[in-house]
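Below is one structure, written out as structure tokens; the observations come after it.
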Amino acid sequence: MAKKNKEEENEKTVEATDTQEASESAPEEKPEPEKAGPTAEELLAEEKDKYVRLYAEYENYRKRSAKEREALYSQVKADTVAGFLPVYDNLERALKTGSTDEAFLKGVEMTMTQLEGVFEKLGLKPIEAVGKPFDANLHNAVMHVEDESYGENEVVEEFQKGFMLGDKVIRFSMVKVAN
């Protein structure tokens with residue numbers, strides 16, 4: 001029995017040697033080379049794409065910021081001018097009532113002229129109302145009168161002057177409309 005076990009071991013050894021020789025004599029198959037990583041051109045293209053996107057994003061941010069600053073400036077300007085309109089109204093009332101004191105009246109006229117000059121420099125323009133057709137985008141109708149001497153929807157009287165700053169209405173004209 002010991003002889004039989006020895007023979008089996010010898011056979012196994014021969015088989016192992018044969019397979020080893022067969023694998024050594026077979027043409028060697030080279031394993032596929034693993035990809036070492038992206039090439040320099042690919043890396044450059046990727047970085048260039050990142051740069052172009054970042055630059056475009058920055059340009060959009062810059063334009064958006066400039067537009068927001070301009071809008072904020074316009075809004076602050078409009079709010080500031082609107083704060084001075086009651087002063088304008090009071091000076092206008094003072095001029096309409098008149099005074100026996102010529103020096104006082106002259107002072108009010110000079111103040112009104114100066115205020116109108118400041119408004120003009122800021123780009124504030126009065127809205128023309130009397131004799132014009134009623135426009136809801138510019139006028140606020142507070143009274144209505146039936147009078148055949150006036151045209152249809154014609155503004156016949158202005159109670160409070162309206163103003164525009166550029167294309168934006170700062171204050172609507174308060175008016176009386178005929179027919």
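The values are calculated or read from the model by the stated rules, or taken from the named source; none is laboratory data. As the structure is a computational prediction, the values presented were derived from the model and not from experiment. FYI the Cβ positions are ideal-geometry reconstructions off the backbone, even for glycines, and counts take in every protein chain you see.
Hey, any hits in the range 60-76 for a residue that's in a helix (DSSP H, G or I), in contact with a helix residue (DSSP H, G or I) (Cβ under 8 Å, 6 or more places away or on another chain) and either modelled with pLDDT under 95 or in the same structural domain as Ile170 (by TED's automatic domain parsing) (or both)? Can you show your working first?
First, the residues of the range 60-76 that are in a helix (DSSP H, G or I): 60-76.
Cutting the leftovers down to in contact with a helix residue (DSSP H, G or I) (Cβ under 8 Å, 6 or more places away or on another chain) gives us none.
Taking every residue of the range 60-76 in turn, none turns out to be in a helix (DSSP H, G or I), in contact with a helix residue (DSSP H, G or I) (Cβ under 8 Å, 6 or more places away or on another chain) and either modelled with pLDDT under 95 or in the same structural domain as Ile170 (by TED's automatic domain parsing) (or both).
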Check your understanding: Within the range 88-97, is even one residue out of contact with any Ser or Thr (no Cβ under 7 Å at 6 or more places or on another chain), under 27 Å from Glu70 (Cβ atoms), outside any loop (DSSP other than H, G, I, E, B) and in the same structural domain as Glu70 (by TED's automatic domain parsing)?
Key -> yes
Study note, to complete from the structure: Among residues of the range 98-124 being of a type in the set (Ser, Thr, Tyr) and part of a helix (DSSP H, G or I), the residue farthest from Lys161 (Cα to Cα) is Thr111
Practice item. Could you please give the count of residues in the range 93-144 that are surrounded by fewer than 13 Cβ atoms within 10 Å (Cβ to Cβ) and of a type in the set (Phe, Trp, Tyr)? Key: 1
Exercise for review: Could you please tell me which pairs satisfy a Cβ distance under 8 Å, a separation of 6+ or placement on different chains, a first residue in the range 104-130 that is on the phi > 0 side of the Ramachandran plot, and a second residue that is outside any helix (DSSP H, G or I)?
Suggested key: Gly123/Leu165; Gly123/Gly166
**Study point:** Among the residues listed as Ala136, Ala141, Ala178, the single one being of a type in the set (A, V, I, L, M) and free of Cβ contacts under 8 Å to residues at least 24 places away in the same chain
**Key:** Ala136
Exercise for review: Considering only the range 155-179, state which residues are over 12 Å from Glu128 (Cα atoms) and not basic (Lys, Arg).
Suggested key: Phe159, Leu165, Gly166, Asp167, Val169, Ile170, Val177, Ala178, Asn179
Revision key, fill the gap. The one condition Lys132 fails out of (1) in contact with a Pro (Cβ under 8 Å, 6 or more places away or on another chain); (2) closer than 22 Å to Lys168 by Cβ is (1)
